[in-house]
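One structure is given below, encoded as structure tokens.
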Amino acid sequence: MHGLDRVLVVTAVEAERAAVLRGLGLDDGVESGAGRAAAGPLPVTVVAGGVGPAGAAAATARALTRAECAGRPFGAVLSAGIGGGFDGRAGVADLVLGDLSVAADLGAQDGDDFIDLDRLGFGPARHPADPLLLDRLRAALPAAVVGPVVTVSTATGSAARTGELRRRVPDAAAEGMEGFGVAAAARAAGMPFAELRAISNPVGPRDRAAWRIPQALDTLRAAFAALARPAGQPAGRAPVTRSWPASSR
Ligand SMILES: O=C(O)c1cccc(C(=O)CC[C@H]2O[C@@H](n3cnc4c(=O)[nH]cnc43)[C@H](O)[C@@H]2O)c1
């Protein structure tokens, strides 16, 4: 069925990439030149493209183009990593499945008013997740919080900024720095896209001591383990080795 024969997963950093690979039960892979890529028994490639939307978009576009030139195009793209959670929507170690990836600080400031790409006429500022891909991810990850994920170039570190983002995207569940970039590259290539964020910290005043990166990485690992498991199979059994997400077949 459309989109899920070969999946490109784009993380920001190596620790996230390693967590995804652990979840999928894949061995570490080979140098790809655009971050490190892994291809194993599952039709999945995992690339660490760097922090921020520009690096993420560049790494995604490169991986998609290389695959297309090799005659093995991807069928779907996932942006995956740790992220901040908005109070009341997602807490530390929760998993957020983005139904919308929003460029929340890309635009123009006019006094107190933020004008996003859509209002400037340079849109889109929001990339919705592919509905079929989202359905499959929801089915495999029933505990995930589903909602918009905002992409920012500067991680939020104050109550005032948190309030601004809430006004821009009232139902935002999570904040990250790559999703919109990955989404833009996927959309340019006509690929189904979705975003997953494992929550490492609350969005709010900067409190580095409150970040729980190991827990978030374990949430990320568990999410990809669930995606690799056939529908109905409980955790703890051997991962499937033929298709991914397993629930799609
Ligand atoms: O503030 C620091 O000292 C600091 C140290 C290490 C890393 C950071 C980051 O901002 C990591 C950004 C990285 O992680 C994702 N992420 C995680 N939490 C958030 C967040 O609350 N807001 C935005 N991005 C977040 C992000 O996608 C990057 O890949 C800071």
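The values are calculated or read from the model by the stated rules, or taken from the named source; none is laboratory data. If you're wondering where the values come from, they're calculated on a predicted model, not measured in any experiment. Here the Cβ is made from the backbone with ideal geometry for all residues, glycine too, and neighbour counts use every protein chain on show. To get the accessible areas, we keep the full protein, side chains included, count just its heavy atoms, and leave off ligands, DNA and RNA. Shrake-Rupley method; radii C 1.70, N 1.55, O 1.52, S 1.80 Å.
Residues are listed down the side, and each one gets a yes or a no for (1) out of contact with any Asp or Glu (no Cβ under 7 Å at 6 or more places or on another chain); (2) within 15 Å of the ligand (Cβ to nearest atom); (3) modelled with pLDDT of 95 or more; (4) farther than 14 Å from residue 169 by Cβ:
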{"position": "50", "(1), (2), (3), (4)": "yes, yes, yes, yes"}
{"position": "58", "(1), (2), (3), (4)": "yes, yes, yes, yes"}
{"position": "64", "(1), (2), (3), (4)": "yes, no, yes, yes"}
{"position": "101", "(1), (2), (3), (4)": "no, yes, yes, no"}
{"position": "107", "(1), (2), (3), (4)": "no, no, yes, no"}
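Residue 83: open to solvent by less than 70 Å² (accessible area, probe 1.4 Å) and either at pLDDT 95 or above or away from the ligand (no atom under 15 Å from the Cβ) (or both), yes or no? Yes; evaluated as a whole, the condition is true for this residue. Going through (1) touching a strand residue (DSSP E or B) at 6+ places or on another chain (Cβ under 7 Å); (2) crowded, with 17+ Cβ neighbours inside 10 Å one by one, residue 55 falls short only on (1). Given the structure, is residue 120 more than 16 Å from residue 102 (Cα to Cα) and more than 16 Å from the ligand (Cβ to nearest atom)? No.
Checking each residue in region 135-155 for being within 14 Å of the ligand (Cβ to nearest atom) and open to solvent by 20 Å² or more (accessible area, probe 1.4 Å) picks out 153, 154, 155. If you filter region 1-36 down to residues that are within 16 Å of the ligand (Cβ to nearest atom) and modelled with pLDDT under 90, you find that the one that is nearest to residue 51 (Cα to Cα) is 35. Hey, could you check region 221-237 for residues that are out of contact with any helix residue (DSSP H, G or I) (no Cβ under 6 Å at 6 or more places or on another chain) and at pLDDT 95 or above and say which is nearest to the ligand (Cβ to nearest atom)? Among residues in region 221-237 that are out of contact with any helix residue (DSSP H, G or I) (no Cβ under 6 Å at 6 or more places or on another chain) and at pLDDT 95 or above, the one nearest to the ligand (Cβ to nearest atom) is 223. In region 171-220, what residues are open to solvent by less than 20 Å² (accessible area, probe 1.4 Å), within 9 Å of the ligand (Cβ to nearest atom) and in a loop (DSSP other than H, G, I, E, B)? Result: 178, 203, 204. Evaluated against (1) under 30 Å from residue 72 (Cα atoms); (2) in contact with a Phe, Trp or Tyr (Cβ under 8 Å, 6 or more places away or on another chain), residue 132 falls short on exactly one condition, (2). The residues of region 86-106 that are open to solvent by less than 40 Å² (accessible area, probe 1.4 Å) and farther than 25 Å from residue 7 by Cβ, listed by number, are 86, 91, 104. The sole residue among 123, 157, 147, 163 that is modelled with pLDDT under 95 and out of contact with any strand residue (DSSP E or B) (no Cβ under 6 Å at 6 or more places or on another chain) is 123.
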